[in-house]
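Right, one structure below, let's go through it.
The values are calculated or read from the model by the stated rules, or taken from the named source; none is laboratory data. Quick caveat, the model's predicted, so the values are computed rather than measured. Positions of Cβ are backbone-derived with ideal geometry, glycine not excepted, and every protein chain shown enters the neighbour counts.
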């Protein structure tokens, strides 16, 4: 039964890929939606079977066939459902289904075969993502890992005629490959060390060890794996692809670049919790990278003007939060945030998609404003999403964020806790800045003129679809398919957090992380204090946004002008792309072209070969000249030779 | 006596070539009819050969490590030269690959070869015969005959039906390869003399040579002689510069066979001859070879990245991919060697596929410059779709063939020397970079060149050419054990013999590692890395 979960969307992919050009939009959309919904249904069924099992043996295994055998390496195409993957398949197939449904309306302006192509990719993505989270060993996970990367590449570059889109797709793939480089080495080292690639067997072997006090093999394995995670989950230093990935259609951003694929790195750490728990030094690195990424992305998110880029940096920031949780050993909290984040970030992206759809492709916040009157469903669901991510008490994000922050605090990492809190403040500010700029105030089309002087070329890119911006007169709110997805996700964003009541989720997930989940002494009074601090922070952030972006935008501009240099640095995303280009991309290119190819290859290596050939040719030419045909010359040389030989013998 | 299937594999293409001699123009024919007839006969013959290789696979005993279907006939008894052929797990799939790619190569040049079609088809068939001969030879002299015989048809294929600088490329190919093989001939004769000194009779029999105790200093010289011939053929950095020229100038069929099969001769030779005949020398030179291989992986990829010509790009990517194969071989452990053999097949399929696609584009536009293209996806969606799949297979996407080979090689190399493996693994990043960059420039964006606006999509014949490649790429990615299982016993046997003959120093080290890895055949680890210590 487990096999059906990834297989159903794969069949959907095959149908749309083979016959997509010949069937109508309705048919290809229906096939894709049916495939993912069926997969969701099977997932629910499988999870209910899992829950029915006794707590200490909650795992369903399905072995399809032996994939690769070579010496002691024996890897099966094996799927395993345990509590952790149960959470993941529900998120992937559940939110995936909503986004499929949403897409049927969002992509409706595409031609028949483009529409089918879109849905075939989306189904293929779901298949690989489900394989990733169900895989029982590193290699099956890696198939999914690379497969989702491929789909991400294809979907980011879906509008392939646009240079920026195909560039962004390629960048995503290559940056991910850099991460994979570390990941593969980590897998190899894990195999050499533990003699297996099966997660359970590795965990079993690792559990017998004591945590490494110095940086040893397990630390190296986990650090290499984490390099893979920084690629897939867009953490420092490999986060640069994710903001560019916003070139893809917005539902893709919601599904792949917010709710599911980018969380694969977090999931991978959760999957190898036992291993990571034995490498405290790696965990510290994970926590620091996570916190630093969260803060950095949050600051960039404050000033971006493209609605999707704000959300993209927000995603990077929230992923950093999840890694922070993993890094302090609070695996349950990290996965909890992964799960709640999937709801509200998908909601926010789909909401922004509804805005972009209504405005026929406009993505620049400065060209928006006052949309709440025209787009009530979008507005209210978006506000719920914003409140959820900001951490307003009672909503999903509040619970998961609070759990992370208190785990960090009680784990003894006060500085990281402060960074997390500051990020939470930033989150509230930039989210409500977005809300106020897009939905409140008045819509103005000329604001851009003076502000765009700050705009770097990278962010002032063109819109989702080729139509010119519409006037504000006849805007349509989300059509039914889109509204449905928004409303369901809004409900989720409100209530999803309640699964953690009484520690239910933590308890449910525990077998997947056991036996190494770190337990910290929790002080009940302090816990309440922290919760209050978190709530106050969220509220403060919203109030700051209210003041600067609702009441007095001139004040906001004033701050931007006062700190003009800082503002510019943030607008340009700390110039990381430029730095990479100058220090890595260009040097490699120049060295390859001008030194390796044109000098080493053409002049030195090939020159030597051709030179050898010419030398032989020249010698032959010289020898040819000796053959003069003159008998006297021949006789002379014979005589000369005889003398030389005689002389040699005599002299010897 | 059972049916001599291996001999028939060698002979059938020759028979086909002879048959073509009798195809004559009927009165009133403009030549086109004859050409069509010729192509059909050649295709049918090569298809029959392919079916025969499949039969061979079906009847091959996958549990046996020994040579099967062995035939022996005295040829020049006074020198101990015999016609001895046989097949084991290492050569089995190389035969199948040859059988698979030859009809595809013929079909790929169905329309692009206009002149002297008969001669073209004959050369392709003769080439096939010689390639089969190389893979089945169990006699060094016989092997050498086939080895050099291969050069002749390839020389003409490049020189007659190639592109503008075809004469230069053909001569360079010929001379470069000959220069390497002359030394190998000397070493082969030297082995025969050694055999005479030891037993009183000459022999060129490979199996007898395996048993021969070659003195250590002699091993070094002979290994270098064999090694140079094979390194040029691979081609191993820095002996690779003939390859881009040969590939760029060769017609599509030539490139497909050159990349698909001929490049495997070098690595096959290392595995079949150089390593087992001179194990101590191999042991000594393996690190140097491995370093050259890794340099080739990175260097080939970097140079591929900046090529303006698609064919040249694919040619340099071959240098990179073959570097992986050599790295796997030099690791001399189960995963490394099995991965290397597997990667030889993968490279034949993936790079063969890439050359086919580049050939389709250049048939349409008569250029291979990347800058001349752009936006093809809009114009030729099907061709671009298959292009994508072949590209992904080439960059080792899991689920397709390339990944299995690369992973096994990296694993084997990692167990031997993690540092080398780590450097080699950067090839995984670089291959994605150059392939996807080319793919983007050719297929994405808008059509900027008017000449590309109305190119026809895949024709039925082209579907026939490319679909088998894709099917095999998927099959080898999803069910690799279908291929790995018959390869395994022969590889194990070879490794056992190899490690018995190498120094006891290695044996002593293997004890420690063997306990951890509990795999008697995977014993070769050069240094004890820290993780071995902590496991105990």
Report the residue count in the stretch B:400-449 for those that are within 7 Å of chain A (Cβ to nearest Cβ), outside any helix (DSSP H, G or I) and crowded, with 23+ Cβ neighbours inside 10 Å. 1
Can you pull out every residue in the stretch B:347-375 that is buried (at least 23 other Cβ atoms within 10 Å of the Cβ) and over 20 Å from residue B:106 (Cα atoms)? B:373
Of the residues that make up the stretch A:189-199, is at least one facing chain B (nearest Cβ under 10 Å) and without any contact (Cβ under 8 Å) to a residue 12 or more places away in the chain? yes
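A quick yes/no check of all residues on (1) in contact (Cβ under 8 Å) with a residue 12 or more places away in the chain; (2) at positive phi; (3) buried (at least 24 other Cβ atoms within 10 Å of the Cβ); (4) not in a helix (DSSP H, G or I):
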{"residue": "A:219", "(1), (2), (3), (4)": "yes, no, no, no"}
{"residue": "A:225", "(1), (2), (3), (4)": "yes, no, yes, no"}
{"residue": "A:230", "(1), (2), (3), (4)": "yes, no, yes, no"}
{"residue": "A:234", "(1), (2), (3), (4)": "yes, yes, yes, yes"}
{"residue": "A:242", "(1), (2), (3), (4)": "yes, no, yes, no"}
{"residue": "A:246", "(1), (2), (3), (4)": "yes, no, yes, no"}
{"residue": "A:263", "(1), (2), (3), (4)": "yes, no, yes, no"}
{"residue": "A:266", "(1), (2), (3), (4)": "yes, no, yes, no"}
By residue number, the members of the stretch B:308-341 that are over 12 Å from residue B:413 (Cα atoms), buried (at least 24 other Cβ atoms within 10 Å of the Cβ) and over 19 Å from the mean Cα position of the chain (by Cα) are B:310
In the stretch B:140-150, how many are over 15 Å from residue B:13 (Cα atoms) and under 15 Å from the mean Cα position of the chain (by Cα)? 1
Looking only at the stretch A:120-134, decide whether some residue is out of contact with any helix residue (DSSP H, G or I) (no Cβ under 6 Å at 6 or more places or on another chain) and within 12 Å of chain B (Cβ to nearest Cβ). no
Report whether or not residue A:169 is surrounded by fewer than 24 Cβ atoms within 10 Å (Cβ to Cβ), within 9 Å of chain B (Cβ to nearest Cβ) and either out of contact with any strand residue (DSSP E or B) (no Cβ under 8 Å at 6 or more places or on another chain) or within 21 Å of residue A:81 (Cα to Cα) (or both). no
Within the stretch B:272-287, is even one residue within 23 Å of residue B:174 (Cβ to Cβ), in contact (Cβ under 8 Å) with a residue 60 or more places away in the chain and not assigned by TED's automatic domain parsing to the domain that holds residue B:354? yes
Just to be sure I understand, how many residues within the stretch A:1-34 are over 25 Å from residue A:59 (Cα atoms) and assigned to a helix (DSSP H, G or I)? 19
Of everything in the stretch B:378-397, what is at the interface with chain A (Cβ under 8 Å from one of its Cβ atoms) and buried (at least 22 other Cβ atoms within 10 Å of the Cβ)? Give them in sequence order. B:392
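Per-residue answers, yes or no, for (1) assigned to a helix (DSSP H, G or I); (2) touching a residue at least 60 places away in the same chain (Cβ under 8 Å); (3) closer than 16 Å to residue B:241 by Cβ:
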| position | (1), (2), (3) |
| --- | --- |
| A:580 | yes, yes, no |
| A:587 | yes, no, no |
| A:598 | yes, no, yes |
| A:604 | yes, no, yes |
| A:608 | yes, no, yes |
| A:611 | yes, no, yes |
| A:616 | yes, no, no |
Just to be sure, is residue A:113 facing another protein chain (nearest Cβ under 10 Å), more than 22 Å from residue A:199 (Cα to Cα) and in contact (Cβ under 8 Å) with a residue 12 or more places away in the chain? yes
Residues of the stretch A:55-72 satisfying the condition of being more than 29 Å from the chain's Cα centre (by Cα) and either part of a helix (DSSP H, G or I) or farther than 19 Å from residue A:2 by Cα (or both): A:55, A:56, A:57, A:69, A:70, A:71, A:72
Looking at the stretch A:580-594, which of the residues that are facing another protein chain (nearest Cβ under 10 Å) and surrounded by 13 or more Cβ atoms within 10 Å (Cβ to Cβ) is nearest to residue A:174 (Cα to Cα)? A:585
Might you check whether a residue that is in a helix (DSSP H, G or I), out of contact with any helix residue (DSSP H, G or I) (no Cβ under 6 Å at 6 or more places or on another chain), free of Cβ contacts under 8 Å to residues at least 60 places away in the same chain and surrounded by fewer than 24 Cβ atoms within 10 Å (Cβ to Cβ) occurs anywhere in the stretch B:119-126? yes
Just a yes or no: is a residue in the stretch B:284-306 within 14 Å of chain A (Cβ to nearest Cβ), over 18 Å from residue B:187 (Cα atoms) and not in a helix (DSSP H, G or I)? yes
Condition (residue is modelled with pLDDT under 50, away from every other protein chain (no Cβ under 14 Å), farther than 22 Å from residue A:69 by Cβ and part of a helix (DSSP H, G or I)) applied to the stretch B:522-535: is it met by at least one residue? no
Can you find a residue in the stretch B:338-358 that is outside any helix (DSSP H, G or I) and touching a helix residue (DSSP H, G or I) at 6+ places or on another chain (Cβ under 7 Å)? no
